[in-house]
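Before any comments, here is the structure.
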Amino acid sequence: MTVFNKVEFDNHEQVVFCSDEESGLKAIIAVHNTQLGPAVGGCRLWDYASDEDAVYDVLRLSKGMTYKNAVARLPFGGGKSVIIGDAKKIKSESLFRAFGRQLERLSGSYYSAEDVNITTADVAIMNKETNYVLGLEGKSGNPSPFTALGTFLGIKAAFKHMNGHEDLSGVKVSVQGLGAVAYSLCEYLHGVGAQLFVTDINQASIDRVVKDFNAIAVDIDEIYDLDVDVYAPCALGATINDETIPRIKAKIIAGCANNQLAESRHGEVLREKGVLYAPDYVINAGGIINVWYETLEGGYNEAASTKHVEGIYTTLCEIFERSKTEQKSTHLIADELAQEIIKNGL
Ligand code: NAD
């Protein structure tokens, strides 16, 4: 298995493979870059098909965090962790305690938080073994509503850039994945009159959004073929790829999922097709911004955090404008912006 020469490795400072026999923990912690501060990024619990898939995922997510934190102007480096296994079967007090002990061993070069299948309750268990966790209940709490707010504002910014106004009433939006972030996002979109087309692998999540927000449910694979204005990927990564791009009719792609582009080149393919893509790590930074506010002296401040999250709108407008002027895809413009900030400081 190639590691150091993999494109995704991208000079990671440290990658740690962890296991604990008693709890069955199998995890990987990736610290990509600590130039701007300690690496911060959530922990994902997922039943990967292979160890290679888990390595690939954690490396891509970790690098994404370096760029996300930089563009959000946070004094954080980038890192991420994955626990391998079926969330319905392996969750236990001893598993999260064992993971907490692994975090403790890294002495603060990496702080973990929530991601897919990891709740504030799980992070609270890690916290029994280590202080190197963020997003704690009673402090900044669940980051998902803030990620949803940033994503909603990002959709508005994209709509404004493309249509000259941001009135979303009657606008058709497809939402793929209806988890913690997407539920709040659907609430925002329904609140301004958007028409929702939704899918998930979990029927209960679909039923809830259909009932609460008058959404129309579609099959898992049908989501790519819909005649909609906006496609919001809110499940897992790599849904924008050679197979799906020819099928996507939306002129805007803006959602909360991490690593939406299967490969970097797909960003340019979208631009050539006239699709405006909101770079994932810019639009979905609301949660990590909110987490930062719990680290400040004086304690968590929701109003200040919300104001910072609202800045995602302006950042995206600037990226869209620069992309138009320089005739370069939005994700490359975002990468350049991140690299400038990492090099020159916040
Ligand atoms: P979640 O686990 O609550 O939701 C994910 C949803 O996607 C689940 O309902 C799941 O059933 C569904 N899903 C999985 N595979 C699917 C498929 N193939 N098709 C349709 N639905 C599918 O997670 P979340 O916290 O809402 O995060 C969603 C995405 O946003 C993830 O990519 C995550 O990394 C990213 N993200 C989350 C946050 C946050 O604050 N939670 C912050 C930044 C980025």
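Between Glu137 and Val16, what is 0.36 nm times their sequence separation minus the Cα-Cα distance? Round to one decimal in nm.
Contour length minus Cα-Cα distance gives 40.8 nm.
Karplus couplings for region 12-29 from phi (6.51 cos²θ - 1.76 cosθ + 1.60, θ = phi - 60°), rounded to Hz, Gly and Pro as x?
The phi angles translate into 3, 5, 7, 10, 10, 9, 10, 8, 8, 5, 4, 8, x, 4, 10, 9, 10, 10 Hz.
Given H placed 1.01 Å from N in the peptide plane, which residues other than close sequence neighbours of Ala257 have an amide H under 5 Å from its amide H?
Sorted by chain and number, the residues that satisfy this are Cys234, Ala235.
For region 153-268, what number results from the quotient of the Cα radius of gyration and 2.2 N^0.38 Å?
Output field value: 0.99.
Projected area of region 144-344, taken from the Cα convex hull and averaged over every viewing direction, in nm²?
On the way: hull surface 46.1 nm².
Average of the hull's projected areas for region 144-344 equals 11.5 nm².
Give me, ordered by chain and number, the residues 5 or more places off Gln14 or on other chains with an amide H under 5 Å from its own placed amide H.
Counting only residues 5 or more places away or on other chains, the set is Val31.
Given only helices, namely DSSP H runs of n ≥ 4 each adding -39500 (n - 2.57), what is the per-residue ellipticity at 222 nm of the chain, to the nearest 500 deg cm²/dmol?
-13500 deg cm²/dmol
Within region 218-273, report the GluC sites (Glu not before Pro) that DSSP leaves as loop and that have at most 16 other Cβ atoms within 10 Å.
Those satisfying the criteria are Glu243, Glu263.
Which lysines, on any chain, are close to Lys6 with Cα under 30 Å apart, when same-chain ones fewer than 8 places away are left out?
Lys26, Lys63, Lys68, Lys80, Lys273, Lys328, Lys343
Long-range amide H contacts for Ala215: which residues qualify at under 5 Å (H placed 1.01 Å from N, peptide plane, sequence gap of 5 or more or a different chain)?
Val210
Region 124-178 to region 237-283: how many Å between their Cα centroids?
18
How are the C-alpha pair distances of the chain spread across 20 Å bins, as whole percents from the shortest bin up?
Computed distribution, short to long bins: 32, 60, 7.
How many nm is it between the label spots at Asn202 and Asn241, if each spot is 7 Å from the Cα in line with the beta carbon?
Here the answer is 2.3 nm between the modelled labels.
What number, in percent, do you get for the relative contact order of the chain if the mean sequence gap of Cα pairs under 8 Å and at least 6 apart is divided by its residue count? If you can, show how the numbers build up before the last one.
Details: 742 pairs, mean separation 55.3, N = 346.
Answer for the chain is 16 percent.
Provide the per-residue ³J(HN,Hα) series for region 214-225, in order, calculated from phi with Karplus coefficients 6.51, -1.76, 1.60 and θ = phi - 60°, each as a whole number of Hz, with x at glycine and proline positions.
Here the 3J(HN,Hα) series is 6, 7, 9, 7, 10, 5, 3, 7, 5, 4, 6, 9 Hz.
With +1 on each Lys and Arg Cβ and -1 on each Asp and Glu Cβ, how big is the dipole of the chain about its Cα centre, in debye rounded to the nearest 20? Mind dumping the intermediate values first?
On the way: 32 positive and 47 negative charges, 115 e Å.
Dipole size: approximately 560 debye.
We did not get these values from a lab; they are worked out from the coordinates using the rules stated. Note that the structure is a prediction, hence the values are computed from the model and not measured. Methodologically, a virtual Cβ is constructed for each residue, glycine included, from the backbone with ideal geometry; neighbour enumeration extends over all protein chains shown.
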